[in-house]
Amino acid sequence: MAKGGPSLRVHLTTVFVILITVIVGSIAYFTYYRNTDAVLELADRFIRRTSASAIQRTESHLKPLAAAVRHLATLASDHPRTARDESIFPTLISFLDTYPQLQSIYFAFNDGGRFLQAFQLPAVVDRYGPNNSKMPDNVHYVLRTLDYGLAEPKDHWRYLDADQKVLMEEDAFRLFYDVRKRGWFKTVLQRPNTLYWTDVVVFTSSQLPGIAPAYPIHDKEGNAIGAAAANITLESLSAFLGKLDVGKNGVAFIMDANGGMVAHPNVNKILKQDGRKVKMARADDLADEWVADAATRYLKSGETKFVFNERGREFLASFTPFPADFEKDWVMAVIVPVDDFVGRLKITNRNILFLAILITILGMGLVSTYAGWVTRPVRKLESEIKRIQEFDLGGDLDVRAGTREILALAEAVKTMKAALQTFGRVVPKTLVREIVSTGQPVELGGQSRFLTIMFTDIQSFSAMAEREPTRQLMQHLSEHFQAITSAVNANQGTIDKFIGDSVMAFWGAPVWQEDHVYNGCLSALMAKRGLDELNAQWESEGGRRFHVRFGLHADAVLVGNVGAKERLSYSVLGDGVNVASRLEGVNKVYGTQICASHAVYKEAGERCLFRPLDMVAVQGRRGGIIVYELLATIGNGHPDYLADEQLRSFSEKSFDAFYAYQERRWDDAATLYREVQAIRPDDPVAAMFVERCRVLKADPPPADWSGVYALKSK
């Protein structure tokens, strides 16, 4: 019988809810998306106008400066001596006063590397210059003269107030700047009569981003002998971008064609610390993920306009290249959250949905009342079928309904109940109940599943059977089986079979369990404690103890119904079953009680405490496997079986010792195993490995030794 699922009453109510939801939702959808399309179309126009305005403003900001540099270069070409002389500084200062966005303006000559530069010094600067000197009060201009053509090259700096009065002079301790080695200067000399714009850089003097227009200076023969240039900070451009109306949460910025940042409303976002240096950031590497994602998509696809989603929010992105005659491959980017434009529409839509929910709730009360009247006999039939499933076949079935189909169903249930009453007198009820509850078809065949298998065995049971009275032994054996069965059932396990004094059980079938490995480990711990209590009881009554060994392994095996058509058994088959059986026998070699494979340790190691025993080659396997002893639970494992600090220390030192042994560090391993013995003096594993380390140190194994200990038999 199918399990779960909504009731018929819920189905009827759901149909009503769906009907109302579809009607109201369709109206809301149509209204919202039609209006959204209109708003987004207006938003697209707005963004295009904003981008065009920003580009025009940027051109108006930079082109006059380019014209000024051209003018200075022409002046220097007509009067080269004047341009090389310090008497040109007042002219350069006048340019600084005329264009406050200039950070500096300068002449550079190839002959002798002569370099004359005038700066405007910001009022907030406390130290400046090549020697990072403390500035006098009221410094307004800085003049620099650098000449490699002198007998002793010199880099001379002068600091002036607003009236061009010299306040301080100094020479650089060392010469580090030679314009003739700069890439921009070489480029300008190779491009006669052409204005050259440098890439955006961070100026060393101010640590602010900027660009520089440069124009060649020619001699009378038309040869390029130098250049006039100016450093332009982009602070004012960034400030302008911050004033653009791009929605409540939108952003506008400028980047180059390769993704390098040029200008941003927040200047700090376009600078990136690289060790002691400050360099320009990339648009696709900004801290704002939605901005970086938009830039990445543009750089990869070349799309100039698109809508994208970032963490559940939609954004409009527009990337507009600057005109071709601008001479720089810049792109104006505008990115705006869609909610900035359609936020009010969403509020209206939510109100419509709220109204729909209110109508639905009111209608649900009426529909639910009607559905309850219709489904009352169905619920009664459902309750009766559940009782039948549990093999509770007593009582009569009395169903009254006005529906023909329900009456027919009630008659069929009565017939089935009578048939099962007869069937229950022939087949054990427990077996039938298991078949019904699992829903597994009773037929030959199976499937491959990753399961946990456990084998148990009583040590020296055959010898015990010869000495103990049969009645008492059978009573103790039954109690022993009951303790193991209770532990397995408590953790959703399946008893496969009893084999003499042994038990075979598995977890993960017929009903799949995500934590079947942990359930198997917990069952072993519970069974061990239950058997310890039984042993104590038997000893108090004068009986003998059962020393039970457990083997746990997790592997892919075949599970299903095996046998003949007349007699079936639900069981597991495969190599994993053999390994679990062998692991039970491994306990005999190491004096342990619960031996587990590496697969069990790997799957349950976060909730169970293990210690490594050895790498062994069990019979039937070519390669070695690491086997472990299961000790207790840890973390969020069962609180009744949690390990104490001493047991945790015992496990940790066992791991350290085993790793040292595997790495052939015999002395370290022996020392660590002695520490294990100090915690548990009677531990046979530690004593075994101390002796093994002594032997291996005296007679080292060959180079291809794998550390595998061969077990000849179970």
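The values are calculated or read from the model by the stated rules, or taken from the named source; none is laboratory data. Just so you know, these numbers come straight off a predicted model, no measurement behind them. All Cβ positions, glycine included, derive from the backbone under ideal geometry; neighbour counts span all protein chains shown.
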**Asked** Taking into account only those residues within segment 301-331 that are touching a Leu at 6+ places or on another chain (Cβ under 9 Å) and aliphatic (A, V, I, L, M), which is farthest from Met261 (Cα to Cα)?
**Response** Val307
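Table: residues versus (1) farther than 16 Å from Ala214 by Cα; (2) of a type in the set (Val, Ile, Thr); (3) touching a strand residue (DSSP E or B) at 6+ places or on another chain (Cβ under 7 Å); (4) without any contact (Cβ under 8 Å) to a residue 12 or more places away in the chain.
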| site | (1), (2), (3), (4) |
| --- | --- |
| Ser87 | yes, no, no, yes |
| Ile93 | yes, yes, yes, no |
| Leu102 | no, no, yes, no |
| Leu116 | no, no, yes, no |
| Arg127 | yes, no, yes, yes |
| Asn131 | yes, no, yes, no |
**Of all residues in segment 201-223 being more than 24 Å from Leu75 (Cβ to Cβ) and touching a helix residue (DSSP H, G or I) at 6+ places or on another chain (Cβ under 8 Å), the one that is modelled with the highest pLDDT** = Pro209
**Complete:** Pairing a residue in segment 236-259 that is touching a residue at least 60 places away in the same chain (Cβ under 8 Å) with any residue that is surrounded by fewer than 23 Cβ atoms within 10 Å (Cβ to Cβ) and of a type in the set (Lys, Arg), where Cβ atoms lie under 7 Å and the two sit 6 or more apart in sequence or on different chains, gives Phe240/Arg57
**Item:** Index of the failed condition, Asp288 passing every other in (1) modelled with pLDDT of 85 or more; (2) acidic (Asp, Glu); (3) under 30 Å from Val69 (Cβ atoms)
**Value:** (3)
**Item:** strands (runs of 3 or more DSSP E) contained in segment 127-196 and holding at least 3 residues under 20 Å from Arg84 (Cα atoms) and in contact with an Asp or Glu (Cβ under 9 Å, 6 or more places away or on another chain)
**Value:** 141-147, 154-160
**Asked** So how many residues does segment 651-707 have that are in contact (Cβ under 8 Å) with a residue 40 or more places away in the chain, part of a helix (DSSP H, G or I) and either in the same structural domain as Arg607 (by TED's automatic domain parsing) or surrounded by fewer than 18 Cβ atoms within 10 Å (Cβ to Cβ) (or both)?
**Response** 4
**Conditions (1) buried (at least 17 other Cβ atoms within 10 Å of the Cβ); (2) within 38 Å of the chain's Cα centre (by Cα): number failed by Glu514** = (1)
**Prompt:** So which strands (runs of 3 or more DSSP E) stay within segment 543-604 end to end and still have 2 or more residues that are over 44 Å from the mean Cα position of the chain (by Cα)?
**Reply:** 548-563, 568-573
**Prompt:** With (1) surrounded by fewer than 18 Cβ atoms within 10 Å (Cβ to Cβ); (2) more than 15 Å from Trp507 (Cα to Cα) as the list, and Leu573 as the residue in question, which single condition is left unmet?
**Reply:** (2)
**Prompt:** What number of residues within segment 228-265 satisfy the criterion of being under 30 Å from the mean Cα position of the chain (by Cα) and in a loop (DSSP other than H, G, I, E, B)?
**Reply:** 4
**Asked** For residues in segment 608-650 being within 22 Å of Val579 (Cβ to Cβ) and assigned to a loop (DSSP other than H, G, I, E, B), which is modelled with the highest pLDDT?
**Response** Gly624
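Can you pull out the residues in segment 655-706 that are of a type in the set (S, T, N, Q) and more than 16 Å from Leu613 (Cα to Cα)? Even if it seems obvious, please write down each step before you answer.
Taking segment 655-706 as the starting set, the residues that turn out to be of a type in the set (S, T, N, Q) are 662, 671, 677, 706.
Passing the criteria: only Thr671.
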